[in-house]
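Contents: one structure, followed by commentary.
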Amino acid sequence: MLDVTDTPPRSLWAATAPQAPDLPELDGPREADLAVVGGGFTGLATAHFAQELGLKPVVIEAMEPGWGASGRNNGQVIPTLTRVEPDALVARFGGERGERMVALIRDSAQDLFDLVRKHGIACEASQAGWIQPAHSPGRTRISAARAEQWGRRGAPVELLDKKRVAEMLGSEAYHGGWMNRSGGSINPLALARGMAGALQRLGVPVFARSPATAIKRAGDRWRVETARGSVTASRVVLATAAYSDDLWPGLKRTIVPALAWQAATAPLGDNVRATVLPGRQAVSDTHGDLRFFRYDDQGRLVSGGALLMPINRAERMRAEVAGRLGAIFPQLDGVQVDFVWNGYLAMTPDYTPRLHQLADGVFSWIGCNGRGVALAIPIGRELAKAAAGARADDLAWPLTAPAPIPLHGLVARFSRPAMLWLYRRRDAREVA
Ligand SMILES: Cc1cc2nc3c(=O)[nH]c(=O)nc-3n(C[C@H](O)[C@H](O)[C@H](O)COP(=O)(O)OP(=O)(O)OC[C@H]3O[C@@H](n4cnc5c(N)ncnc54)[C@H](O)[C@@H]3O)c2cc1C
């Protein structure tokens, strides 16, 4: 069972997203072709594409659509993985397979904005581009490599020199960088709710407040059970990500859940906004301990960070974010922070997400490593194809068996603070 006591502080998105669609709880037995567990971007996209393929899907969400990472993230629509570069994917997975994975990532932001347009979802969608500025001279080599590798594969990218980054950001803090024009930003909770609403209009049942408690064999099908109902289906997709519980034994031990903090400033005045990120792109830089920010429609800068010590975290995050933004944009020194909230994302040891086949007809997607907004959409398409019976070779992402992380309890407890500590040391050394 999911820990329903985890109620984070009220987020900016909860305050500004359109109301959630009115969704029922699962009550009584149901039949479907596909039972999707989890109502975040991945689960909702899977149901969407499954319906397009002619299947009858059902979505079962423990809380409300977007309650997990999908409704709490920074809303940056980024068509790359966090750390794994295109050439590295090709080297690891082989030419043809690797290039299909790269193409899926390359087109992921466009896929998301296309879906938003297709269903007319009101979610502050802005395809103004995504910029990754380099925080040290050494990291500009990473910018050049990324721009070259993505450019070679037809992505709409551009290498930016120091002067251009300074103009685009309104900050002298960076040494160069690169951008991808297909990226941008959304109000993520509005998108999750909008996707659920679109499914409802298409006649796809989406059940809320219905934690799945068991998945059992039912002849040659599967029965997903909740407290008051069940869905029997020939295929099951688990889209529970970092919020995975013990529903599928061992799944949650394949990832390390990492708590990430978000914060939003008070709306900035017109004069300030003219000097801070005037093109309103989404930005996340090259620090290991990431600096990231984007505007919402009210002119708030939405940012965040990570904390080492679990003490008084919400208050410390306000000060941390104001300080970080002030270091990049001196005109924001002491900026008021109105909202602070958090969410869990799923890390894998090699920073590569996994498309698992858990059993015959049971699939899952897990391990976004903090970059899953755009990716969730085409991955939903791949999961739908798998549910419709596609052969593993016909999927753009390899199907793998789950591999629990050795000493998972210890790793989950200590790897995140250890990683943060290391990142901060390395980031500081590179700046000096
Ligand atoms: C703070 C934060 C900031 C981030 N910022 C960005 C960003 O700017 N850009 C980016 O690309 N990525 C970002 N990410 C990552 C991105 O949010 C995730 O990759 C993406 O939302 C994952 O979507 P999902 O549908 O796979 O999982 P989730 O949205 O986490 O959905 C999982 C769902 O499963 C449900 N569930 C779990 N167990 C059960 C059960 N037993 N029965 C029924 N339902 C169940 C949960 O309630 C939840 O709604 C961020 C993540 C966090 C946490």
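The values are calculated or read from the model by the stated rules, or taken from the named source; none is laboratory data. Bear in mind the structure is a predicted one, so any value in this text is a computation, not a measurement. FYI the Cβ positions are ideal-geometry reconstructions off the backbone, even for glycines, and counts take in every protein chain you see.
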Problem set entry | Count - residues of the stretch 305-319 that are in a loop (DSSP other than H, G, I, E, B) and either within 19 Å of residue 337 (Cα to Cα) or free of Cβ contacts under 8 Å to residues at least 24 places away in the same chain (or both) | 6
Problem set entry | Number of the condition not met by residue 94 [criteria: (1) in contact (Cβ under 8 Å) with a residue 60 or more places away in the chain; (2) more than 16 Å from the ligand (Cβ to nearest atom); (3) surrounded by fewer than 24 Cβ atoms within 10 Å (Cβ to Cβ)] | (1)
Exercise. Any idea how many residues of the stretch 278-304 are among the aliphatic types (A, V, I, L, M), within 22 Å of residue 164 (Cα to Cα) and either part of a loop (DSSP other than H, G, I, E, B) or within 13 Å of the ligand (Cβ to nearest atom) (or both)?
Worked result: 3
Exercise. Within the stretch 320-345, can you find the residues that are at negative phi, touching a residue at least 12 places away in the same chain (Cβ under 8 Å) and not in a strand (DSSP E or B)?
Worked result: 320, 321, 322, 324, 325, 327, 328, 329, 331, 332, 335, 336
Seminar exercise, completed: Checked the stretch 99-133 for anything on the phi < 0 side of the Ramachandran plot and without any contact (Cβ under 8 Å) to a residue 12 or more places away in the chain; matches are 114, 117, 118
Exercise. Listed residues 366, 405; which is touching a Pro at 6+ places or on another chain (Cβ under 8 Å) and at pLDDT below 90?
Worked result: 405
For this session: Answer yes or no: is there a residue in the stretch 413-430 that is closer than 23 Å to residue 238 by Cα and either in contact (Cβ under 8 Å) with a residue 12 or more places away in the chain or out of contact with any helix residue (DSSP H, G or I) (no Cβ under 9 Å at 6 or more places or on another chain) (or both).
Result: no
Exercise. Out of (1) more than 14 Å from the ligand (Cβ to nearest atom); (2) under 30 Å from residue 128 (Cα atoms); (3) not hydroxyl-bearing (Ser, Thr, Tyr), the odd one out for residue 218 is which?
Worked result: (2)
Exercise. Take the residues of the stretch 247-277 that are among the β-branched types (Val, Ile, Thr) and assigned to a loop (DSSP other than H, G, I, E, B): which is farthest from residue 403 (Cα to Cα)?
Worked result: 276
Exercise. Quick check: is even one residue across the stretch 141-156 among the β-branched types (Val, Ile, Thr) and surrounded by fewer than 21 Cβ atoms within 10 Å (Cβ to Cβ)?
Worked result: yes
For this session: Determine whether the stretch 346-354 contains at least one residue that is surrounded by fewer than 16 Cβ atoms within 10 Å (Cβ to Cβ), in a loop (DSSP other than H, G, I, E, B) and of a type in the set (Asp, Glu).
Result: yes
Seminar exercise, completed: The one condition residue 102 fails out of (1) in a loop (DSSP other than H, G, I, E, B); (2) more than 10 Å from the ligand (Cβ to nearest atom); (3) within 27 Å of residue 293 (Cα to Cα); (4) in contact with a helix residue (DSSP H, G or I) (Cβ under 7 Å, 6 or more places away or on another chain) is (1)
Exercise. Given (1) over 18 Å from the mean Cα position of the chain (by Cα); (2) closer than 30 Å to residue 222 by Cα; (3) surrounded by fewer than 19 Cβ atoms within 10 Å (Cβ to Cβ), where does residue 395 come up short, assuming only one miss?
Worked result: (3)
Exercise. Residues 370, 380: which one is among the small types (Gly, Ala, Ser), under 22 Å from residue 313 (Cα atoms) and crowded, with 22+ Cβ neighbours inside 10 Å?
Worked result: 370
For this session: Evaluate the following for residue 275: is it away from the ligand (no atom under 13 Å from the Cβ), among the β-branched types (Val, Ile, Thr) and either within 22 Å of the chain's Cα centre (by Cα) or under 22 Å from residue 173 (Cβ atoms) (or both)?
Result: yes
Problem set entry | Candidate set: the stretch 52-68, residues that are assigned to a loop (DSSP other than H, G, I, E, B) and surrounded by fewer than 24 Cβ atoms within 10 Å (Cβ to Cβ); chosen: the one nearest to the ligand (Cβ to nearest atom) | 63
Exercise. Of all residues in the stretch 51-87, how many are over 21 Å from the mean Cα position of the chain (by Cα) and among the aliphatic types (A, V, I, L, M)?
Worked result: 3
For this session: Inspect all residues belonging to the stretch 236-246 and state whether any of them is within 15 Å of the ligand (Cβ to nearest atom), aromatic (Phe, Trp, Tyr) and assigned to a strand (DSSP E or B).
Result: no
Exercise. Of all residues in the stretch 224-260 being crowded, with 18+ Cβ neighbours inside 10 Å and among the charged types (D, E, K, R), which is farthest from residue 353 (Cα to Cα)?
Worked result: 225
